[in-house]
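The values are calculated or read from the model by the stated rules, or taken from the named source; none is laboratory data. Model, not experiment: these values are computed from the prediction. Note that we place each Cβ from the backbone using ideal geometry, even for glycine, and neighbour counts take in every protein chain shown.
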Amino acid sequence: MLEIIVISIIKAITSYVTTSYLKNHYGSIDIEGAPFWYGREPSELICSSTFKYGSMEQIDTAKKQAVIKLNKKLSAVINDAIYHNKKFKHLKPDEEAFIQKIINDKKLLKFVTNSIIYKNIKYDEDKNIVFVRGCVTKKDFISFETNRVKELSKKLTFYKSDKAFDELNGSENKFNDRENKSFRELDSIQ
């Protein structure tokens with residue numbers, strides 16, 4: 001069953017990013033004085049746009065905000081892709097825990113930090129505002145999530161097999177105790 005869930009999650013995220021995402025997240029944001037690219041995304045990217053009032057020294061702060069904002073956006077994409085999929089409605093507790101691990105991915109921020117491309121940076125001297133647009137490619141995001149889901153699947157499989165062996169070892173001891181008790185009872189009959 002886990003393999004079916006893994007394949008379904010990968011398909012759901014891929015489909016969401018390549019089709020539904022376009023409907024839910026595209027559009028433009030109009031902020032007075034913002035450059036034309038602010039709040040817009042090319043079709044092959046997922047972006048976040050940020051701005052910060054102040055001098056050019058605010059560029060690093062605006063970049064950090066773009067990373068945080070993009071991380072939240074990608075987390076929402078994963079959450080939407082999974083929970084808008086009817087296949088994930090009635091799951092066993094361990095399957096639900098597996099999905100929660102994917103949704104609450106602690107490695108996502110590291111991926112965003114390492115993969116973000118600052119497509120545009122503009123400083124408006126007249127208004128004293130820094131504008132930044134940071135993006136990741138949809139291809140890289142889908143690849144990261146595919147690998148992450150497979151990695152978590154392997155960990156869960158190893159965990160389940162270890163647990164099964166522990167149960168077998170525990171039942172062997174119970175069987176041996178029963179077996180020993182039976183032999184003692186046979187010995188006492190003689």
Practice task
Just give me the residues in the range 65-109 being of a type in the set (V, I, T) and more than 19 Å from C135 (Cα to Cα), in sequence order.
Solution key: I82, I99, I102, I103
Problem - helices (runs of 4 or more DSSP H) contained in the range 53-132 and holding at least 2 residues at pLDDT below 95, under 13 Å from the mean Cα position of the chain (by Cα) and closer than 21 Å to L156 by Cα - result: 59-83, 93-103
Exercise for the section: Please tell me if I46 is touching a strand residue (DSSP E or B) at 6+ places or on another chain (Cβ under 9 Å), among the aliphatic types (A, V, I, L, M), more than 25 Å from T14 (Cα to Cα) and not in a helix (DSSP H, G or I). Expected result: no
